[in-house]
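Chemist: My questions all concern the structure below.
Since every read-out is calculated from the coordinates, none of them should be taken as a lab result. Bear in mind the structure is a predicted one, so any value in this text is a computation, not a measurement. Because the Cβ atoms are built from the backbone with ideal geometry, glycine has one as well, and the counts that use them run over all protein chains shown.
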Amino acid sequence: MPLNLEYKKPVLKGTIQVPGDKSISHRSIMFGAMASGKTTVEGFLLGADCLSTISCFRKLGVTIDLDGDRVTITSEGAAGWKEPAAILDTGNSGTTTRLMLGLLAATNFHSVVAGDDSIAKRPMKRIVEPLRQMGADIRGRQNGHFTPLAIQGTKLSAINYTLPVASAQVKSAILLAALYADGITLIEEPVATRDHTEIMLGHFGAVIKRSGNTIRVGGGQKLTANHVKVPGDISSAAFMIGAALITQGSEIRLTNVGTNPTRTGILDVIGQMGADFEMEETAVEGERSADLVIRSSRLKGIEIGGALIPRLIDEIPVIALIATQCHGTTVIKDAEELRVKETDRISAVVDELAKMGADITATSDGMIINGPTPLTGAEMKTYGDHRLGMMAAVASLTADGPVTIDDPDCIAVSYPGFMEHLKRLID
Ligand code: S3P
């Protein structure tokens with residue numbers, strides 16, 4: 001059912017705990033299933049993507065119990081997984097699809113991985129190629145480059161691999177396969193990407209060494225069950241940050257937000273734009289976290305590119321929206337990866353914000369936005385992409401007419417309860 005939104009210059013006040021980090025939640029299930037013993041997770045994200053991960057591991061015979069945002073995973077380790085009798089349905093989740101390929105390649109059984117229409121369009125070659133170099137047997141459409149993919153588990157060998165794209169999913173899939181491969185795998189990442197896999201594997205007892213841009217991991221390591229605390233997702237917080245920045249007179253507090261430095265590019269960006277905000281650290285070891293206080297601000301346009309991009313890749317839809325309210329020009333470049341996200345996020349963001357009157361132009365690897373421009377009401381499309389849905393909802397706060405969102409349900413992929421949280425800040 002479409003959602004109709006119309007606000008009259010709302011002022012946002014109050015405190016929100018955004019749901020758990022999506023990347024960390026996925027990994028807590030996967031690594032809990034790889035470890036022997038009982039892993040407990042608190043603050044787990046009950047979003048559709050992470051529920052897909054749970055359902056896949058249940059099909060491998062792993063016991064996973066949910067109690068609100070607490071999860072218990074009971075496993076004998078990967079050696080105890082059994083051949084799934086049905087397709088492993090990864091839904092809309094790229095992280096589930098890609099990281100699982102690394103794990104399934106190293107089993108001794110057959111499995112099939114497939115997701116929704118969006119997953120069927122997303123490139124898997126970037127995962128399948130290095131895994132094949134390790135000896136993996138993976139087949140599928142277009143020489144195994146698109147789902148559905150059939151995997152016959154087999155013995156793998158270590159590789160030395162330089163990532164051709166800055167992708168934590170590719171890095172993680174290879175790292176996970178490497179834990180079960182013979183020998184020592186070296187992965188070089190030209191630009192640093194989110195390091196949740198390395199941090200959490202260390203927490204579960206694996207030895208992963210980094211020197212400069214090279215990550216070294218030995219095969220045959222055993223993981224031991226542990227407890228995982230999931231901080232709030234900065235990628236979800238980003239939409240609330242955007243909401244507070246662009247609505248005059250607003251001041252909000254976001255508690256316990258994950259502030260792993262590989263994810264905080266959004267904070268660097270709003271700082272450079274001149275935003276009035278504070279960060280009070282709540283945890284400094286392992287996965288860092290902080291409370292964030294954000295006030296509406298007069299902002300200026302900036303240039304965003306280079307090594308900053310992987311640190312804010314999922315935040316570009318909301319950054320583009322914020323940029324429509326900045327004084328001057330914002331240029332986003334080196335972000336061609338956006339073209340292969342849940343949808344082509346360069347085209348989708350540009351088309352949707354332009355409908356509301358934004359001065360925004362697509363480039364091959366990003367976009368150029370001139371501001372500030374008042375936004376008008378419009379009929380917004382999500383393309384089934386959760387972040388496009390949230391961008392439209394936040395944009396409606398400053399629009400001078402009604403905004404309709406065609407498919408608001410997709411927001412639950414990463415932020416169930418998003419509209420309720422937004423409403424709570426407005427009331
Ligand atoms: C993720 C990595 C990123 C990010 C995605 C989650 C992860 O994807 O966009 O939302 O959990 O590793 P890429 O590895 O494709 O950049």
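Chemist: Under a GNM of the chain (C-alpha, springs under 10 Å), which listed residue has the highest mean-square fluctuation: ALA173, ALA86, ALA393?
Modeler: ALA86
Chemist: For LYS333 and ALA192, what is the calculated FRET efficiency with R₀ set at 22 Å and r taken between the beta-carbons, to the nearest 0.05?
Modeler: Taking R0 as 22 Å, the efficiency between LYS333 and ALA192 is 0.75.
Chemist: With +1 on each Lys and Arg Cβ and -1 on each Asp and Glu Cβ, how big is the dipole of the stretch 22-229 about its Cα centre, in debye rounded to the nearest 20?
Modeler: The calculation lands at about 320 debye.
Chemist: Taking amide H positions as placed in the peptide plane 1.01 Å from N, state which residues far from TYR161 in sequence (5 or more) or on other chains have amide H under 5 Å from it.
Modeler: LEU186, ILE187, GLU188
Chemist: While we're on this one: Report, in degrees rounded to the nearest 10, the 0 to 90 angle that the Cα long axis of helix 234-246 makes with the longest principal axis of the chain.
Modeler: Helix 234-246 and the main axis of the chain meet at about 0 degrees.
Chemist: Students often check this: by mean Cβ neighbours within 10 Å, which of 107-116, 321-330 ranks highest, and how do the rest follow?
Modeler: 321-330, 107-116
Chemist: Once fully extended, how much extra length lies between THR214 and GLN17, figured as 0.36 nm per residue of separation less the alpha-carbon to alpha-carbon distance?
Modeler: Separation in residues times 0.36 nm, less the Cα-Cα distance, equals 67.4 nm.
Chemist: Okay, helix-only estimate at 222 nm for the chain: each DSSP H run of n ≥ 4 adds -39500 (n - 2.57), divide by all residues, round to 500 deg cm²/dmol; what do you get?
Modeler: -9500 deg cm²/dmol
Chemist: If packing is taken as the average number of other Cβ atoms within 10 Å across a peptide's residues, how do 230-238, 380-388 rank, most packed first?
Modeler: Peptide ranking by packing, descending: 230-238, 380-388.
Chemist: What FRET efficiency comes out for THR262 versus ARG298 if R0 is 25 angstrom and r is the Cβ-Cβ distance? Round to the nearest 0.05.
Modeler: Given R0 = 25 Å and the Cβ-Cβ separation, E is 0.25.
Chemist: Which pairs, out of LYS13/LYS121; LYS121/LYS229; LYS82/LYS171; LYS13/LYS333; LYS22/LYS209; LYS22/LYS82, put more than 30 Å between their alpha-carbon atoms?
Modeler: In this structure, LYS13/LYS121; LYS121/LYS229; LYS13/LYS333 lie more than 30 Å apart at Cα.
Chemist: May I ask which residue of GLY219, ALA283, PRO10 lies farthest towards the positive end of the charge dipole of the chain, with charges of +1 (Lys, Arg) and -1 (Asp, Glu) on Cβ and the Cα centre as origin?
Modeler: Of the candidates, GLY219 comes out farthest on the positive side.
Chemist: Taking square-rooted eigenvalues a ≥ b ≥ c of the alpha carbon gyration tensor, is the stretch 22-229 rounded, prolate or oblate, where a/c under 1.5 means rounded and, failing that, a/b exceeding b/c means prolate?
Modeler: Note, shape of the stretch 22-229 comes out rounded.
Chemist: Using only Cα atoms and rounding to the nearest 10 degrees, what angle (0 to 90) does helix 48-59 make with the longest principal axis of the chain?
Modeler: Computed tilt is about 10 degrees.
Chemist: Compute the acute angle (0 to 90°) between the alpha-carbon long axis of helix 94-104 and the principal axis of greatest extent of the alpha-carbon atoms of the chain; round to the nearest 10°.
Modeler: For 94-104 against the chain, the angle is about 10 degrees.
Chemist: Using only the C-alpha atoms of the chain, find the volume of their convex hull and express it per residue in Å³.
Modeler: 122
Chemist: If packing is taken as the mean number of other Cβ atoms within 10 Å per residue, what is the order of 31-43, 364-376, highest first?
Modeler: 31-43, 364-376
Chemist: For the stretch 45-128, which trypsin sites (Lys or Arg not before Pro) pass both filters: DSSP loop (anything but H, G, I, E, B) and at most 12 other C-beta atoms within 10 Å?
Modeler: For trypsin sites (Lys or Arg not before Pro) across the stretch 45-128 that sit outside H, G, I, E and B with at most 12 neighbouring Cβ atoms in 10 Å, the list reads LYS82.
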